[in-house]
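K.L.:
Quick one: the structure is below, questions incoming.
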Amino acid sequence: MAEPLLALQGVTSGYGQIQVLWGMDLVVQPGEVVALVGSNGAGKSTLLRTISGQLGPRSGSIRFDGAEIGGARPDVVLAAGIAHVPEGRRLFRGLTVRDNLLLGAYLRTDKKAVADDLEWVLELFPILRERQRQDATTLSGGEQQMCAVGRGIMSRPRLLMIDELSLGLSPRMVEHLGDALTALNKVGQTILLVEQDVMTAFELSHRAYIIENGRVTRSGASTELAQDPAISEAYLSI
Ligand SMILES: Nc1ncnc2c1ncn2[C@@H]1O[C@H](COP(=O)(O)OP(=O)(O)OP(=O)(O)O)[C@@H](O)[C@H]1O
Ligand SMILES: [Mg+2]
């Protein structure tokens, strides 16, 4: 098998006295969509923060494209090719949709390719084209999520990490965003997706990891996990 794009081994992490991750092993292969599923407080966001450099791992290794990135600063991780769309969207107030999107490309110097990528994002999310001069924080929740995902795409990441794609959005909006992710993946985008809604997570991903109390308790092909009654029973109601 090809070398994984991302490989975590024995990663522990937390906040001050609180340890949250207890030895996480996880791989993402190039071209895959991988989902992380687990109940509130399981450590999913902490895991993404540890990968993107907002938190340093306390032990273990995080390799990206064969190089150790564990403990690297967020801008270094972004420059290496990992974009993190955080939980809660975090768009910049006072900046237009267009400027929020362009902020995703702030490390890039290839101006022509940035303009092409902006065009691609506006094609992927046509509503953002209509709203591009509007303050991004005045968008609806679903539109803000599109803008946040679009901003992630604008760094042209080799790995796009999205925390809580569907939270608070209508089924129709979730479907629209899901279609956009599928289209992105079709052109080769590797994605690591945290998703509360297990069925959405399994539908959108090739493989998934179930996380409980900071540990991986199950992993496998999403189609197989989706058929496991123990999993649907435990997670359908969360
Ligand atoms: N900044 C912080 N300081 C201290 N503890 C934190 C901090 N952020 C998260 N935690 C704790 O870490 C644990 C894991 O939180 P995390 O946000 O990673 O969970 P999650 O799986 O993303 O949950 P959710 O589905 O609710 O988003 C929780 O017990 C939480 O209280
Ligand atoms: Mg979270």
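K.L.:
If you go through the range 33-51 one residue at a time, do you hit one that is more than 16 Å from ligand 2 (Cβ to nearest atom) and polar (S, T, N, Q)?
P.N.:
no
K.L.:
Checking the condition charged (D, E, K, R), within 30 Å of Q132 (Cα to Cα) and assigned to a loop (DSSP other than H, G, I, E, B), which residue from R98, R89 passes?
P.N.:
On the way: R98 fails: assigned to a loop (DSSP other than H, G, I, E, B).
The conditions single out R89.
K.L.:
Now, a different point. Can you find, within the range 192-208, the residue that is modelled with the highest pLDDT among those that are in a loop (DSSP other than H, G, I, E, B) and buried (at least 23 other Cβ atoms within 10 Å of the Cβ)?
P.N.:
Within the range 192-208, the subset in a loop (DSSP other than H, G, I, E, B) is 195-197, 205-206.
Then drop every residue that is not buried (at least 23 other Cβ atoms within 10 Å of the Cβ), which leaves 195, 205.
On the way: E195: 93, S205: 98.
Checking each candidate, the answer is S205.
Results for (1) over 15 Å from L193 (Cβ atoms); (2) within 11 Å of ligand 1 (Cβ to nearest atom); (3) not in a strand (DSSP E or B), shown as yes or no for each residue.
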residue	(1), (2), (3)
E3	yes, no, yes
Q9	yes, no, no
T12	yes, no, no
L21	yes, yes, no
M24	yes, no, no
G31	no, no, yes
A35	no, no, no
N40	yes, yes, yes
S45	no, yes, yes
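K.L.:
Does D117 satisfy being under 16 Å from P157 (Cα atoms), surrounded by 19 or more Cβ atoms within 10 Å (Cβ to Cβ) and more than 17 Å from the chain's Cα centre (by Cα)? Give the derivation first.
P.N.:
On the way: under 16 Å from P157 (Cα atoms): yes; surrounded by 19 or more Cβ atoms within 10 Å (Cβ to Cβ): yes; more than 17 Å from the chain's Cα centre (by Cα): yes.
Considered against the rule, which asks whether it is under 16 Å from P157 (Cα atoms), surrounded by 19 or more Cβ atoms within 10 Å (Cβ to Cβ) and more than 17 Å from the chain's Cα centre (by Cα), D117 comes out as yes.
K.L.:
Within the range 106-191, considering only helices (runs of 4 or more DSSP H) that don't extend past its boundaries, which have at least 2 residues that are away from ligand 2 (no atom under 16 Å from the Cβ) and of a type in the set (D, E)?
P.N.:
Where helices (runs of 4 or more DSSP H) fall fully within the range 106-191 and carry at least 2 residues being away from ligand 2 (no atom under 16 Å from the Cβ) and of a type in the set (D, E), they are 111-124, 171-186.
K.L.:
Within the set of pairs 6+ apart or on separate chains, which have a first residue in the range 1-24 that is touching a residue at least 12 places away in the same chain (Cβ under 8 Å), a second that is surrounded by 13 or more Cβ atoms within 10 Å (Cβ to Cβ) and among the acidic types (D, E), and C-beta atoms under 7 Å apart?
P.N.:
Matching pairs, first to second residue: L5/D65; L8/D25; Q9/D25; G10/D25.
K.L.:
Is it the case that the range 51-65 has a residue that's in contact with a Pro (Cβ under 9 Å, 6 or more places away or on another chain) and small (G, A, S)?
P.N.:
Within the range 51-65 (the criterion being in contact with a Pro (Cβ under 9 Å, 6 or more places away or on another chain) and small (G, A, S)), the answer is yes, since at least one residue qualifies.
K.L.:
Residue check: is I211 within 19 Å of G41 (Cβ to Cβ), among the β-branched types (V, I, T) and in a strand (DSSP E or B)?
P.N.:
It is true that I211 is within 19 Å of G41 (Cβ to Cβ), among the β-branched types (V, I, T) and in a strand (DSSP E or B).
K.L.:
Select from the range 47-70 the residues that are assigned to a strand (DSSP E or B) and basic (K, R) and list them in ascending order.
P.N.:
R63
K.L.:
Among the residues of the range 25-37, how many are in contact (Cβ under 8 Å) with a residue 24 or more places away in the chain and either out of contact with any Phe, Trp or Tyr (no Cβ under 8 Å at 6 or more places or on another chain) or among the β-branched types (V, I, T) (or both)?
P.N.:
Residues flagged as in contact (Cβ under 8 Å) with a residue 24 or more places away in the chain and either out of contact with any Phe, Trp or Tyr (no Cβ under 8 Å at 6 or more places or on another chain) or among the β-branched types (V, I, T) (or both) within the range 25-37 amount to 9.
The values are calculated or read from the model by the stated rules, or taken from the named source; none is laboratory data. These numbers come from a predicted model, not from an experiment. Positions of Cβ are generated from backbone atoms using ideal geometry, with glycine treated the same way; all protein chains shown enter the neighbour counts.
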